[in-house]
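Engineer: The structure follows.
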Amino acid sequence: MNQRVLVWDVPTRVFHWLFALSFAACWYVSESDLWLSFHTFFGYLMLGLIAFRLVWGFMGGHYTRFSEFLYSPLAGLRYLRQALSGSGARYIGHNPAGSQAVYLLLALGLVVGLTGMFAQGGEEQHGAVAGWLAVSTGIIFKEAHGYLAIVMLLVVIGHLAGVAMESWLHKENLPRSMVTGFKEAAQGSAVSKPHYGVGVALLAAAIAFGIWWFFYAWHEPVAKHLGYGGAQPGLHVAFVGPKLPDNAKWRDECGGCHLAFHPNLLPARSWQKLMDGQNKHFGTDLALDDATKAAVLAFLLNNAAEHSDREAAYKINRSIKASEAPLRITETPYWVKKHAEISDAIWRSPKVKTKSNCGACHEDAEAGTFEDAAMKIPK
């Protein structure tokens, strides 16, 4: 005689679906700079969920506790072989192979989330560990983050395949049981407590985090991002990084004719060469007196690419040979590579016209930060 028993308590089900949503959302927007803030949000949410699950593994319902599905990898492989041959036993909770997927996903989720956090803190200089790492170290974490995410995706695919096989083998709908929490079990089988209060609290915490993130990360009024107030329309978030050094004389002299390109976008030798040739500055004589030239040059040299901790500065500087001193930012190898996919039609657009019109696409061009999420190509 079987009975319908509660296997998966409410907090476990809330965790499961929020965790799945977080990973899927992170993967879906991972290639878009415009949606970087959403990728980051779901990454932090995933880390918070994992922290909860680690605690709930000792305090949760009967079938949720780690002690109830603590099988060795060898036992998992043995069960997998049995299941593939059609002879795998039915488990009310996690089977030995499924338990390995749970542990792998928790471990990989934790490592993927942490490497992402350190990549953001180093390369982007944002987030919980902003400023802890150099840009170069952040790039290493970013590479690791990407490879580990691929491994996690493969484990997810294996997990889904296992769920499908187990559902077919034992003629039961496992995904539905993770929605309802119930399964058929023999009389006298252990029953989990629902823990409604903890489940509601977990869901409320996730929603509260989303609301807080919305107002934290968007920085500016929502109306502006919806296209009001003169801003370009679009539901993306432009992270605001550390404010760069500024200088009134530099901004007056260099910004009088064009955008005042921040010194961190070229190495010091390029700025030195530009200022040495100020009497023939792209066909124009700047006619700066000695005092003004000295003041502007000092600011340019002190804040050049090799002295900056910004991502754009680091990558531009790394792309230029030590023997070269380009005078145009648009001729640096990194800039060329980064803009290679932009069509000629965009460059000829009335909203762009020239490659030096950085403000046409970069909302923070004047600030000189050139954040990934602050870029939007005009239609």
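The values are calculated or read from the model by the stated rules, or taken from the named source; none is laboratory data. Being a predicted model, the structure only gives us computed values, none of them experimental. Every residue, glycine among them, receives a Cβ derived from its backbone with ideal geometry; neighbour counts consider all protein chains shown.
Engineer: What are the residue pairs meeting all of these: first residue in the range 119-134, first residue assigned by TED's automatic domain parsing to the domain that holds Gly43 and in contact (Cβ under 8 Å) with a residue 12 or more places away in the chain, second residue of a type in the set (Lys, Arg) and part of a loop (DSSP other than H, G, I, E, B), Cβ atoms under 9 Å, and 6 or more apart or on different chains?
Structural biologist: Gln125/Arg310
Engineer: Between a first residue in the range 276-292 that is without any contact (Cβ under 8 Å) to a residue 12 or more places away in the chain and not assigned by TED's automatic domain parsing to the domain that holds Gly256 and a second residue that is among the aromatic types (Phe, Trp, Tyr) and surrounded by fewer than 10 Cβ atoms within 10 Å (Cβ to Cβ), which pairs have beta carbons less than 9 Å apart while being 6 or more apart in sequence or on different chains?
Structural biologist: Listed pairs, sorted by first residue: none to list.
Engineer: So how many residues does the range 18-41 have that are within 19 Å of Ile211 (Cβ to Cβ), in a helix (DSSP H, G or I) and over 8 Å from the mean Cα position of the chain (by Cα)?
Structural biologist: The qualifying residues number 4.
Engineer: Oh, and also: Among the residues of the range 83-94, are any part of a helix (DSSP H, G or I), over 33 Å from the mean Cα position of the chain (by Cα) and in the same structural domain as His195 (by TED's automatic domain parsing)?
Structural biologist: Yes, because at least one residue in the range 83-94 is part of a helix (DSSP H, G or I), over 33 Å from the mean Cα position of the chain (by Cα) and in the same structural domain as His195 (by TED's automatic domain parsing).
Engineer: Out of Gly98, Gly127, Gly131, report the one residue that is more than 14 Å from the chain's Cα centre (by Cα), buried (at least 19 other Cβ atoms within 10 Å of the Cβ) and either modelled with pLDDT under 95 or outside any helix (DSSP H, G or I) (or both).
Structural biologist: Result of the check over Gly98, Gly127, Gly131: Gly98.
Engineer: Same structure, new question: How many of the residues making up the range 327-341 are part of a loop (DSSP other than H, G, I, E, B), loosely packed, with under 12 Cβ neighbours inside 10 Å and of a type outside the set (A, V, I, L, M, F, W, C)?
Structural biologist: 1
Engineer: Which of the residues spanning the range 321-379 are free of Cβ contacts under 8 Å to residues at least 24 places away in the same chain and small (Gly, Ala, Ser)?
Structural biologist: Answer for the range 321-379, where residues must be free of Cβ contacts under 8 Å to residues at least 24 places away in the same chain and small (Gly, Ala, Ser): Ala322, Ser323, Ala340, Ser343, Ala345, Ala360.
Engineer: Can you give me the number of residues within the range 59-77 that are assigned to a helix (DSSP H, G or I), out of contact with any helix residue (DSSP H, G or I) (no Cβ under 7 Å at 6 or more places or on another chain) and without any contact (Cβ under 8 Å) to a residue 40 or more places away in the chain?
Structural biologist: 4
Engineer: Looking at Ala345, Ala312, Ala340, which is the one that is hydrophobic (A, V, I, L, M, F, W, C) and either over 29 Å from the mean Cα position of the chain (by Cα) or more than 22 Å from Met375 (Cα to Cα) (or both)?
Structural biologist: None of the others qualify; the one that does is Ala345.
Engineer: When the residues of the range 342-360 are narrowed to those that are of a type in the set (Lys, Arg) and surrounded by fewer than 12 Cβ atoms within 10 Å (Cβ to Cβ), which ends up farthest from Trp271 (Cα to Cα)?
Structural biologist: It comes out as Arg348.
Engineer: Under 9 Å between Cβ atoms, which residue pairs at least 6 apart in sequence (or on different chains) link something in the range 296-320 that is among the aromatic types (Phe, Trp, Tyr) with a partner that is outside any helix (DSSP H, G or I) and surrounded by fewer than 21 Cβ atoms within 10 Å (Cβ to Cβ)?
Structural biologist: Phe299/Pro245; Phe299/Asp246; Phe299/Asn247; Tyr314/Ala134
Engineer: Out of all the residues in the range 323-337, which are over 27 Å from the mean Cα position of the chain (by Cα) and basic (Lys, Arg)?
Structural biologist: Once the filter is applied, which keeps residues that are over 27 Å from the mean Cα position of the chain (by Cα) and basic (Lys, Arg), the range 323-337 yields only Arg328.
Engineer: Would you be able to say whether some residue in the range 33-49 is of a type outside the set (Ser, Thr, Tyr), in contact with a strand residue (DSSP E or B) (Cβ under 9 Å, 6 or more places away or on another chain) and farther than 19 Å from Leu203 by Cα?
Structural biologist: Yes, the range 33-49 contains at least one residue that is of a type outside the set (Ser, Thr, Tyr), in contact with a strand residue (DSSP E or B) (Cβ under 9 Å, 6 or more places away or on another chain) and farther than 19 Å from Leu203 by Cα.
Engineer: Follow-up question, since we're still on this one. Determine whether Ile150 is under 20 Å from Ala25 (Cα atoms), part of a helix (DSSP H, G or I), out of contact with any His (no Cβ under 7 Å at 6 or more places or on another chain) and aliphatic (A, V, I, L, M).
Structural biologist: yes
Engineer: Suppose the filter is at pLDDT 90 or above and surrounded by 14 or more Cβ atoms within 10 Å (Cβ to Cβ); does Arg318 pass it?
Structural biologist: Criteria met by Arg318.
Engineer: Among the residues of the range 1-17, how many are modelled with pLDDT of 90 or more, outside any strand (DSSP E or B) and either in contact with a Pro (Cβ under 6 Å, 6 or more places away or on another chain) or of a type in the set (A, V, I, L, M) (or both)?
Structural biologist: Result for the range 1-17: 4.
Engineer: I'd like the full set of residues that are surrounded by fewer than 17 Cβ atoms within 10 Å (Cβ to Cβ) and assigned to a loop (DSSP other than H, G, I, E, B), limited to the range 179-190.
Structural biologist: Matches in the range 179-190: Gln187, Gly188, Ser189, Ala190.
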